[in-house]
């Protein structure tokens, strides 16, 4: 119970912060410029303008229900419950009065709204849930096929806006496309980029001491690989370690202290699964 409450507060805070950014983008920029929406809200709007058979809210629920069922099946009950909680928080955020932010230029407005929304979606995706709707669908695609959140957003909303051209002014649709592209880029940069891990390769004659320093003193993981030199074929022991970006300096310092001539290579490791240094989402 002691652990569950801090977890709940932490992930509620992430959902609230992300929802607030998205709500500012919607009420402060998108609505004043009459830009279109994206995600399942966009799908519901298309159905509403085409048939007028049901209220918009009912159409949105009908669109979201299959996605929730898929989320329950593929993502688990915890993700669904936190997403329902996130939807409630986001809905409340949309009711908070927000003045027009005064961004007169439409292109700048689309880019600014996309940046705010992208960061908001990325922050919420670092929690146990999401704001619901299409974000849950993108989470499922990310888990099943490794499709990035930004790419999923771009593909889904491109299809929605392609259909929207038949019902809305082309100018608004095109500006909304700019908003969606910037949202996708910002989501990927924040969600995947800031959580990038580094893979380090160290070649040294004093590999044993360096490996002991890394694991014992710096508490970094290390794996020993066997190799041979390309010129003379001499046997080499290579230290392989996946670390957080902030640990690069410590790794280099420890290796150089043991062997100033150590050969060190640092590479990006964007997608890492593991308990200690993994950067996968928490779904």
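The values are calculated or read from the model by the stated rules, or taken from the named source; none is laboratory data. For clarity, every value in this text was computed on a predicted model and none was experimentally measured. All Cβ positions, even for glycine, are placed from backbone atoms using ideal geometry, and neighbour counts span all protein chains on display.
Determine, yes or no, whether residue 264 is outside the structural domain of residue 143 (by TED's automatic domain parsing), at pLDDT 90 or above, outside any helix (DSSP H, G or I) and more than 30 Å from residue 127 (Cα to Cα). It would help to see each step written out before you state the result.
Numbers: outside the structural domain of residue 143 (by TED's automatic domain parsing): yes; at pLDDT 90 or above: yes; outside any helix (DSSP H, G or I): yes; more than 30 Å from residue 127 (Cα to Cα): yes.
It is true that residue 264 is outside the structural domain of residue 143 (by TED's automatic domain parsing), at pLDDT 90 or above, outside any helix (DSSP H, G or I) and more than 30 Å from residue 127 (Cα to Cα).
Residue 103 versus (1) over 17 Å from the mean Cα position of the chain (by Cα); (2) under 27 Å from residue 48 (Cα atoms); (3) in contact (Cβ under 8 Å) with a residue 12 or more places away in the chain: which is the lone unmet condition?
It is condition (2) that residue 103 fails.
Here are some conditions: (1) surrounded by fewer than 19 Cβ atoms within 10 Å (Cβ to Cβ); (2) under 30 Å from residue 38 (Cβ atoms). Residue 238 meets all but one. Which one does it not meet?
Just one mismatch for residue 238, condition (2).
For the stretch 176-235, give me the residue count where each residue is in a loop (DSSP other than H, G, I, E, B), buried (at least 18 other Cβ atoms within 10 Å of the Cβ) and touching a helix residue (DSSP H, G or I) at 6+ places or on another chain (Cβ under 8 Å). Give the derivation first.
Here is the first cut: in the stretch 176-235, the ones in a loop (DSSP other than H, G, I, E, B) are 194-196, 204-206, 218-222, 229-234.
If we keep only those that are buried (at least 18 other Cβ atoms within 10 Å of the Cβ) too, we end up with 195, 204, 220, 222.
Add one more test, that the residue is touching a helix residue (DSSP H, G or I) at 6+ places or on another chain (Cβ under 8 Å), and what stays is 204, 220, 222.
Residues meeting the conditions: 3.
So residue 281 passes all but one of these: (1) loosely packed, with under 12 Cβ neighbours inside 10 Å; (2) modelled with pLDDT under 90. Which condition number does it fail?
Residue 281 satisfies all of (1) loosely packed, with under 12 Cβ neighbours inside 10 Å; (2) modelled with pLDDT under 90 except (1).
If the requirement is being within 15 Å of residue 183 (Cα to Cα), under 20 Å from the mean Cα position of the chain (by Cα) and either in contact (Cβ under 8 Å) with a residue 12 or more places away in the chain or assigned to a helix (DSSP H, G or I) (or both), which of these qualifies: 71, 86, 115?
Values: 71 fails: within 15 Å of residue 183 (Cα to Cα); 86 fails: within 15 Å of residue 183 (Cα to Cα).
Being within 15 Å of residue 183 (Cα to Cα), under 20 Å from the mean Cα position of the chain (by Cα) and either in contact (Cβ under 8 Å) with a residue 12 or more places away in the chain or assigned to a helix (DSSP H, G or I) (or both) holds for just one of 71, 86, 115, which is 115.
Which members of the stretch 67-110 meet the condition of being over 25 Å from residue 13 (Cα atoms) and surrounded by 21 or more Cβ atoms within 10 Å (Cβ to Cβ)?
Correct list: 109, 110.
When you scan the stretch 61-72, do you find a residue that is out of contact with any strand residue (DSSP E or B) (no Cβ under 8 Å at 6 or more places or on another chain), in the same structural domain as residue 124 (by TED's automatic domain parsing) and on the phi > 0 side of the Ramachandran plot, even just one?
Narrowing the stretch 61-72 to residues out of contact with any strand residue (DSSP E or B) (no Cβ under 8 Å at 6 or more places or on another chain): 61-72.
Applying the additional criterion that residues be in the same structural domain as residue 124 (by TED's automatic domain parsing) yields 61-72.
Adding the requirement that they be on the phi > 0 side of the Ramachandran plot leaves none.
No, there is no match, as no residue in the stretch 61-72 is out of contact with any strand residue (DSSP E or B) (no Cβ under 8 Å at 6 or more places or on another chain), in the same structural domain as residue 124 (by TED's automatic domain parsing) and on the phi > 0 side of the Ramachandran plot.
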